[in-house]
1. In the stretch 181-222, which residue that is part of a loop (DSSP other than H, G, I, E, B) and loosely packed, with under 15 Cβ neighbours inside 10 Å is farthest from ligand 1 (Cβ to nearest atom)?
2. For residue 144, which of the numbered conditions (1) within 11 Å of ligand 2 (Cβ to nearest atom); (2) at positive phi fails to hold?
3. Do we have residue 101 as within 12 Å of ligand 1 (Cβ to nearest atom) and within 18 Å of residue 62 (Cα to Cα) here?
4. Which residues, counting only those in the stretch 124-152, are away from ligand 1 (no atom under 13 Å from the Cβ) and buried (at least 16 other Cβ atoms within 10 Å of the Cβ)?
5. What are the residues in the stretch 92-112 that are loosely packed, with under 15 Cβ neighbours inside 10 Å and either at pLDDT 95 or above or in contact with a strand residue (DSSP E or B) (Cβ under 8 Å, 6 or more places away or on another chain) (or both), if any?
6. Return yes or no: is residue 127 touching a helix residue (DSSP H, G or I) at 6+ places or on another chain (Cβ under 9 Å), within 26 Å of residue 53 (Cβ to Cβ), more than 16 Å from ligand 2 (Cβ to nearest atom) and touching a residue at least 12 places away in the same chain (Cβ under 8 Å)?
7. Can you say whether residue 167 is at positive phi and more than 7 Å from ligand 1 (Cβ to nearest atom), as far as the supplied structure shows?
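The values are calculated or read from the model by the stated rules, or taken from the named source; none is laboratory data. For clarity, every value in this text was computed on a predicted model and none was experimentally measured. Cβ: placed from backbone, ideal geometry, glycine included. Neighbour counts: every protein chain shown.
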Ligand code: ADP
Ligand code: MG
């Protein structure tokens with residue numbers, strides 16, 4: 001009986017997830033289709049064409065991201081362990097999110113320490129910070145400042161993501177990372193932070209969050225410093 005119960009619960013979880021996912025994928029796809037239709041218009045000024053194309057690209061990337069989060073949730077193990085150049089990866093994530101930040105009048109302030117690598121799955125590291133930084137941008141619907149900083153010590157690498165956004169109450173902070181916990185209504189899946197926590201855990205990292213309503217939020221990640229481990233050998 002217990003096994004059956006577990007199976008039923010799993011099935012419910014899958015159904016619930018399926019509904020959230022299909023919704024989350026449908027929104028960006030519908031937007032992409034809409035802009036492709038506009039692009040089919042013959043007499044479109046080149047500037048408009050470029051703008052629509054970049055929107056289509058962003059919407060498709062967003063759908064891609066939802067699928068990635070779902071896959072990480074259903075299979076959270078790290079598949080490919082390698083040395084991750086922290087600065088390089090964060091720069092890539094920044095470049096992906098720059099258009100979204102611009103659209104939201106969010107100014108990005110990046111400050112990277114020169115050195116620093118950690119050990120883990122590069123693709124998942126990427127996804128982790130994409131989720132975190134995306135949340136920060138979404139927390140500033142009327143614009144603001146986003147700070148991305150890394151610090152380096154012999155034993156660890158610290159990555160700080162700070163925003164001047166809406167912030168969280170202590171209750172919201174408590175629930176952060178709970179599956180499907182989202183305050184964004186139909187615009188959110190509530191999977192992003194859960195995936196973040198599971199990736200950080202798998203990489204022997206740590207997260208600390210400080211948040212104040214209407215002031216902003218700071219995420220502080222620490223990972224073991226792999227570069228110094230290599231030099232010691
Ligand atoms: P989603 O973004 O789909 O809502 P997440 O798991 O990424 O799901 O985030 C869960 C919730 O945590 C968000 O809905 C939001 O309420 C809160 N949150 C996460 N990051 C921030 C942030 N930087 N500032 C304010 N709230 C945040
Ligand atoms: Mg999110």
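1. Per the stated criteria, the residue is 204.
2. The number of the failed condition is (1).
3. Against the criterion (within 12 Å of ligand 1 (Cβ to nearest atom) and within 18 Å of residue 62 (Cα to Cα)), residue 101 does not qualify.
4. 124, 125, 126, 149, 150, 152, listed by residue number.
5. 98, 105, 107, 109, 110, 111
6. no
7. No, not satisfied.
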